[in-house]
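Notes to accompany the following structure.
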Amino acid sequence: MLTFGTVICTYNRPHLLERCLEAWNGSSRLPDQLIVVDATANANQYSSDLIQKFPRLFASPNSQYIFAPP
């Protein structure tokens, strides 16, 4: 089976990141690997909430949420 991954990069757009994750979560085919790279200074304040809200997306051991502060 064909596999694919998705990388989402964001900076100071937590509401748009949530909308993007909602769209992926509703799709019939989830990525085999999801990587979120967040350069928002306070990303650690809301990242765990997003991971808990979308467990299907972060279920793969290869999926990760990376903090990359500016």
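A few notes on this one:
- Top-ranked residue in the range 9-37 [being among the charged types (D, E, K, R) and under 17 Å from N62 (Cα atoms); ranked as farthest from the chain's Cα centre (by Cα)]: R29
- Every residue from the range 1-52 that is hydrophobic (A, V, I, L, M, F, W, C) and assigned to a loop (DSSP other than H, G, I, E, B): M1, L2, F4, L30, A39, A41
- Close Cβ contacts (under 8 Å, 6 or more residues apart or on different chains) running from residues in the range 3-21 that are over 10 Å from T40 (Cα atoms) to residues that are part of a helix (DSSP H, G or I) and open to solvent by 90 Å² or more (accessible area, probe 1.4 Å) comprise E18/K53; L21/K53.
- Residue in the range 10-53 that is surrounded by the most Cβ atoms within 10 Å (Cβ to Cβ), counting only those that are among the basic types (K, R) and more than 25 Å from P70 (Cα to Cα): K53
- Restricting the range 54-69 to residues that are of a type outside the set (A, V, I, L, M, F, W, C) and open to solvent by less than 60 Å² (accessible area, probe 1.4 Å), the residue that is nearest to the chain's Cα centre (by Cα): Y65
The values are calculated or read from the model by the stated rules, or taken from the named source; none is laboratory data. Small disclaimer: the values here were computed from a predicted structure and weren't measured. All Cβ positions, even for glycine, are placed from backbone atoms using ideal geometry, and neighbour counts span all protein chains on display. Only protein heavy atoms, including side chains, enter the accessible area calculation; ligands, DNA and RNA are left aside. Shrake-Rupley method; radii C 1.70, N 1.55, O 1.52, S 1.80 Å.
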